[in-house]
Amino acid sequence: MEIPSPWSADRALARKLKEVHEVLGNLLVILALFHMMAALLHHWVFGDNTLRRMLLHFRSPNAH
């Protein structure tokens, strides 16, 4: 028994959804890289404990 797809075989819709999926994936990667660079900036340039607070291994027992 084969279950029919709820989506019609619309190639234009499939291409558009693929394009949206790629753009959102690229934005997620860019956001993750920006987050990583900001953490390293705080660690190396500002010299604060932002990166250490993000890493569980280096957290102090009193950190919230």
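The values are calculated or read from the model by the stated rules, or taken from the named source; none is laboratory data. If you're wondering where the values come from, they're calculated on a predicted model, not measured in any experiment. Methodologically, a virtual Cβ is constructed for each residue, glycine included, from the backbone with ideal geometry; neighbour enumeration extends over all protein chains shown. When the accessible area is computed, the model is the full protein with side chains, heavy atoms only, and any ligands, DNA or RNA have been set aside. Shrake-Rupley method; radii C 1.70, N 1.55, O 1.52, S 1.80 Å.
Evaluate the range 4-14: report whether one residue or more is on the phi < 0 side of the Ramachandran plot, touching a Ser or Thr at 6+ places or on another chain (Cβ under 9 Å) and open to solvent by less than 100 Å² (accessible area, probe 1.4 Å). No, the range 4-14 contains no residue that is on the phi < 0 side of the Ramachandran plot, touching a Ser or Thr at 6+ places or on another chain (Cβ under 9 Å) and open to solvent by less than 100 Å² (accessible area, probe 1.4 Å).
Any residue at all in the range 22-36 that's at pLDDT 95 or above, aromatic (F, W, Y) and open to solvent by 90 Å² or more (accessible area, probe 1.4 Å)? Yes, the conditions are met somewhere in the range 22-36.
A count restricted to the range 44-64 and to residues that are open to solvent by less than 70 Å² (accessible area, probe 1.4 Å) and at pLDDT 70 or above stands at 4.
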